[in-house]
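The values are calculated or read from the model by the stated rules, or taken from the named source; none is laboratory data. Please read all numbers here as calculations on a predicted model, not as lab measurements. We place every Cβ from the backbone using ideal geometry, glycine too, and count neighbours over all the protein chains shown. Keep in mind that these areas ignore ligands, DNA and RNA; they rest on the heavy atoms of the full protein, side chains included. Shrake-Rupley method; radii C 1.70, N 1.55, O 1.52, S 1.80 Å.
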Amino acid sequence: MLQKAADHIPNFHYLGEIPNSEVNKQLSQSHILVNTSQYEGFSNTFVQAWMRKVVVVSLNSNPDGLLTDKEIGFVSGNPDELEKTIGDLVDNRDTIEKIGKRPLIMRKQITPMH
C-alpha cells in the first residue's frame, strides 16, 4: 500500500525498513515526523526527532501525554485533523522552529550540571 502511494505521489517517498543511522540521517533533513501507528508505546523515532528539532505529529500515539502536556508535538486523533495539522505547520515555519526547540530546552532543564 505505501509503495503504491509512493509511486503515485511525487512528494511522498517510502523508504521501507532502514537502519537507525539512516533514520537519523533522514530526520536531520526533515522538519516534521508523522507517526501513524494505531498503538505504540514510547517511540524511539520521537526521541530521534526531538534530538534534531523535528516536530512530531502523531495520529494516535501520545506516550504519557508528553506531546500535548509539554507542547512538544501534536496528536490529531483522525486523518483529517492530521492533514490539517501538517498543513498548518508547513505554512508556518516559525511554529516548527519554536516547537522543535522545546525538547532540547526541556532536556537542558532536567539534565544536572557537572
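Summary of values
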| item | result |
| --- | --- |
| Mean accessible surface per residue for the chain, computed with a 1.4 Å probe while every protein chain stays in place, in Å² | 71 Å² |
| Potential extension, Arg107-Asp88 segment - 0.36 nm per residue separation minus Cα distance | 4.2 nm |
| Integer Hz, Karplus 6.51/-1.76/1.60 couplings in order for segment 60-73, x for Gly and Pro | 9, 7, 8, x, 6, x, 4, 4, 7, 5, 9, 6, 10, x |
| Percent of alpha-carbon pairs separated by more than 12 Å within segment 32-80 | 57 percent |
| Surface accessible to a 1.4 Å probe, Val34 within the full protein complex, Å² | 60 Å² |
| Gained length - Glu40 relative to Asn60, 0.36 nm times residue gap less alpha-carbon distance | 6.4 nm |
| For the chain: relative contact order, % (alpha-carbon pairs under 8 angstrom, 6 or more apart) | 20 percent |
| Normalised convex hull volume, the chain, alpha-carbon set, Å³ per residue | 129 Å³ |
| Computed label-point distance, nm, for sites Ser28 and Asp80 using a 7 Å Cα→Cβ extension | 4.0 nm |
| Carbon plus sulfur fraction of accessible area for the chain, probe 1.4 Å, in percent | 52 percent |
| Rounded Å value of the spacing that divides the Cα centres of segment 18-38 and segment 39-114 | 13 Å |
| Cα gyration tensor, segment 1-64 - rounded (a/c under 1.5), prolate or oblate | oblate |
